[in-house]
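> Below you will find the structure I want to go over with you.
The values are calculated or read from the model by the stated rules, or taken from the named source; none is laboratory data. None of these values were measured; they are calculated from a predicted model. Virtual Cβ from ideal backbone geometry, glycine too; neighbours counted across all protein chains shown. Protein only, heavy atoms only, side chains kept; ligands, DNA and RNA dropped before computing areas. Shrake-Rupley method; radii C 1.70, N 1.55, O 1.52, S 1.80 Å.
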Amino acid sequence: MDLEEPRHSDNGECCSVDGIIETYVGGFGRAQLFQVAIVALALAFDSQHTFVTIFTDAQPPWRCTNANTSPEKEICTAQSSICEMDPRLWEWEGGREASVISEWNLVCADTIKAGFPALFFFMGSLLGFIILGPLADSWLGRKKTLMLSSVILSVSGIATAASPNVWIYSILRAFSGFGRASMGTYCLVLSTELVGRKWRGLVGFLVFFSFTLGFLSLPTLAYFTRNHYSWRSTYVYISILPLAYPLLLLPLVWESPRWLLLRGKSKEALQCLREMAELNGKVLPEHVIIEDSSSTENQTDSALSRLWTTKWARIRLMLTMAVGFGMGLIYYGMPFGVGSLHFNLYLSVTFNALSEIPAAIISTVLVANAPRRRAILVLTIMSGMFCFVCVVYSMDSFNTEKSTNWEQMGAELGAFLSAVTAFNVLLIYCLEMFPSSVRNSAMSMMRQAANVGAIVSPVVVVIGRSNTVVSFGLFGIGIIVSGLFALGLPETQDRPLYDTLENQECEEALLPQKN
């Protein structure tokens, strides 16, 4: 479909935001690159706070002290159980401060408490999606909501380092989850709404890559500080930059012109586009005005209300959320569950983090060239098949003393890589299916569904500690079933972005349907 031709009025040339970006600003130039580079940093902070518990809440190794204090002359060996020995016969390597588990002794009868911080974190994220997500579509906007989220994430992270017990620690983790809930949504929406349609895949890659860098930094930080610093120091390190970020860098980026237009701020929207055009070495003529479609939609209703009361949007959103649930189950569950593979923890997490790089590259190519619906369906089936391969290698007939578990680790990486790629495509797919007036809310609802999958994943991981066959089997079934819901979604490849629900419904009715 060609770009909509500019319309002329008595006051000047009337163009849509898409038309102005493509014609006068440039689809992707220095301005957009500057915007994406700064905005995407938030996702690095998001990934660090999301996956930090892989190390801070891990059970560290222990060793015998050879103390002869037991009246029964009990002997400590490497095969002994710490739950059945005199506590004076063994000690944690690296000291009690090495992790949350060792400091508060969350083992044996208190093992269940070790899962509370992750559970509270994702429950806080769920609440954050509900409260913070709609703010970005309503009065606060994308940019200010991102600034608020960054401050909450940083302050709660620093406070977490001072936790006196597991209960306060869990509550503060919930606040961190609340702050990071929709950061990925803000970043993706704030970046993609300022570029031409053919550049969305590249922008998605840059945003996803920032998340990968944050994830990849964790095993490096944890490895080099494992013998010298406590888990409390780790939280301080990953919380300092998110506090400086909204104060020093975010004020430099532009608010979304689409959001400004929907709030009746057409002059501010034009000024943003004019500044971007100037940075790109182009000129936005003074006679150009933005086509204002905001009056066709009731702006007094909340974005979520408009989503759920519009039939086609409601059906589309529910199907997207069903797909997102399976993505969240795998995406968050597998990194937390790699410890059950009896593989080196640092290497496992590093491999999973590194797999996000090819995932970002593959998803960029798919977004640029492939139908979204078909890509998601194929990728989710592949992920499920790799999960079933993990099940096979977890069986007793394959789990021999000679096995190095490299085959199982490879299958796990295949499942994770396929799921991450599918999730990346789904994020672009979701923002293309909904107009600017509700886009952030729709993205938040989809990520909220993924967060529900994340809440379920610790339960699956706990099962996997005693039975890997069951846990990976559940992962496989969950991702395949969720991917099938994509069959009910419309194809959006090479389609324009719309501003309102009413405008999108009318325009899509005139477009040829894609298979």
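> Which one of these is out of contact with any Ser or Thr (no Cβ under 7 Å at 6 or more places or on another chain), farther than 21 Å from residue 95 by Cβ and small (Gly, Ala, Ser): 170, 230, 182, 176?
Numbers: 230 fails: farther than 21 Å from residue 95 by Cβ; 182 fails: out of contact with any Ser or Thr (no Cβ under 7 Å at 6 or more places or on another chain); 176 fails: out of contact with any Ser or Thr (no Cβ under 7 Å at 6 or more places or on another chain).
Going through 170, 230, 182, 176 in turn, the sole match is 170.
> In this structure, does residue 332 turn out to be modelled with pLDDT under 85 and more than 25 Å from residue 182 (Cα to Cα)?
Values: modelled with pLDDT under 85: yes; more than 25 Å from residue 182 (Cα to Cα): no.
So residue 332 fails the test.
> Of (1) open to solvent by 30 Å² or more (accessible area, probe 1.4 Å); (2) without any contact (Cβ under 8 Å) to a residue 60 or more places away in the chain, residue 411 satisfies all except one. Which?
The one condition residue 411 does not meet is (1).
> Can you tell me which condition residue 104 does not meet? The list is (1) modelled with pLDDT of 85 or more; (2) buried (at least 23 other Cβ atoms within 10 Å of the Cβ), and all the others hold.
Among (1) modelled with pLDDT of 85 or more; (2) buried (at least 23 other Cβ atoms within 10 Å of the Cβ), residue 104 violates only (2).
> Here are 279, 261, 202, 307: which of them is among the aliphatic types (A, V, I, L, M) and either surrounded by fewer than 17 Cβ atoms within 10 Å (Cβ to Cβ) or modelled with pLDDT of 85 or more (or both)? Quick ask: steps written out before the conclusion?
Working: 261 fails: either surrounded by fewer than 17 Cβ atoms within 10 Å (Cβ to Cβ) or modelled with pLDDT of 85 or more (or both); 202 fails: either surrounded by fewer than 17 Cβ atoms within 10 Å (Cβ to Cβ) or modelled with pLDDT of 85 or more (or both); 307 fails: either surrounded by fewer than 17 Cβ atoms within 10 Å (Cβ to Cβ) or modelled with pLDDT of 85 or more (or both).
After ruling out the rest, the residue left standing is 279.
> May I pose another question? Report yes if residue 254 is of a type outside the set (Ser, Thr, Tyr), buried (at least 20 other Cβ atoms within 10 Å of the Cβ) and over 16 Å from residue 41 (Cα atoms), otherwise no. Spell out the reasoning first.
Values: of a type outside the set (Ser, Thr, Tyr): yes; buried (at least 20 other Cβ atoms within 10 Å of the Cβ): yes; over 16 Å from residue 41 (Cα atoms): no.
Taking the combined requirement at face value, the residue does not satisfy it.
> Is at least one residue of the stretch 437-447 out of contact with any His (no Cβ under 6 Å at 6 or more places or on another chain), closer than 14 Å to residue 381 by Cα, touching a residue at least 40 places away in the same chain (Cβ under 8 Å) and buried (at least 23 other Cβ atoms within 10 Å of the Cβ)? I'd like the intermediate steps shown before the answer.
Restricting attention to the stretch 437-447, the residues satisfying the condition of being out of contact with any His (no Cβ under 6 Å at 6 or more places or on another chain) are 437-447.
Now drop any that are not closer than 14 Å to residue 381 by Cα, which leaves none.
No, that holds for no residue.
> Here's a follow-up. I'm told residue 12 meets every condition in (1) open to solvent by 20 Å² or more (accessible area, probe 1.4 Å); (2) at pLDDT below 80; (3) on the phi > 0 side of the Ramachandran plot except one. Can you identify the failing condition by its number?
With respect to (1) open to solvent by 20 Å² or more (accessible area, probe 1.4 Å); (2) at pLDDT below 80; (3) on the phi > 0 side of the Ramachandran plot, residue 12 is out only on (1).
> Does any residue in the stretch 50-69 that is over 11 Å from residue 87 (Cα atoms) come within less than 7 Å, Cβ to Cβ, of a residue that is assigned to a strand (DSSP E or B) and modelled with pLDDT of 80 or more six or more places away or on a different chain, and which pairs are these?
60/92; 62/90; 62/91; 62/92; 63/90; 63/91
> Anything in the stretch 132-145 that is open to solvent by 10 Å² or more (accessible area, probe 1.4 Å), within 15 Å of residue 443 (Cβ to Cβ) and either without any contact (Cβ under 8 Å) to a residue 60 or more places away in the chain or not polar (S, T, N, Q) (or both)? List them, or say none. Explain how you work it out, then say what you get.
First pass over the stretch 132-145, keeping only residues open to solvent by 10 Å² or more (accessible area, probe 1.4 Å): 134-135, 137-140, 143-144.
Filter once more, so that each one left must be within 15 Å of residue 443 (Cβ to Cβ): 134-135, 137-138.
Within the stretch 132-145, 134, 135, 137 meet the criteria.
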